[in-house]
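Data block below; observations after.
Coordinate-derived values only; no laboratory data. This structure is a prediction, so every number in the text was calculated from the model and none was measured. Cβ sites come from the backbone with ideal geometry, for glycine too, and all protein chains shown count toward neighbours.
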Amino acid sequence: MSTNVSLSVKQSRLLQAILAGHSILTSAKIAGVSEQTAHRWLKEEPFSSALKQAKDELFDAALDELKADLGDPIAALRKHIAADVEPTAASQMAAIKMWIDTALQAQKIEQLEQELAELKQALQANDAYGQH
């Protein structure tokens, strides 16, 4: 995770614990801070930006892995489609379908997130223009 913000050691520990899937309470204990401090940091900069950036990077990495692994399911799907007999690997086909559907949905989500970010920037620019 390459964050462009400077966090304290305890903030970095909290961030890593949250990213590992721990609750806020458990993450706070791991970081050596109170739950109240953890909740405060979640609302404040630079921690909130660092957490968002780290989550985005994790999502992007998972999406890249999903995209990279599409070759085998697609090859298996082509094999079954071209078969002269009825495929007997129903569970394999269901898994392939789920894999492809998941990849397509992830791609759509990525596109929507990009569009949302662009809209937010446009709104912020519009707000800044309107204040002058």
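Quick notes on this structure:
- Straight-line cross-link partners of residue 108 among the lysines, defined as a Cα under 26 Å from its Cα and at least 8 positions apart when in the same chain: 52, 55, 67, 97, 120.
- Residue 98-residue 124 FRET efficiency (beta carbon distance; Förster radius 25 Å; 0.05 resolution): 0.05
- Theoretical FRET efficiency, 1/(1+(r/R0)^6), r = Cβ-Cβ of residue 16 and residue 79, R0 41 Å, to 0.05: 0.45
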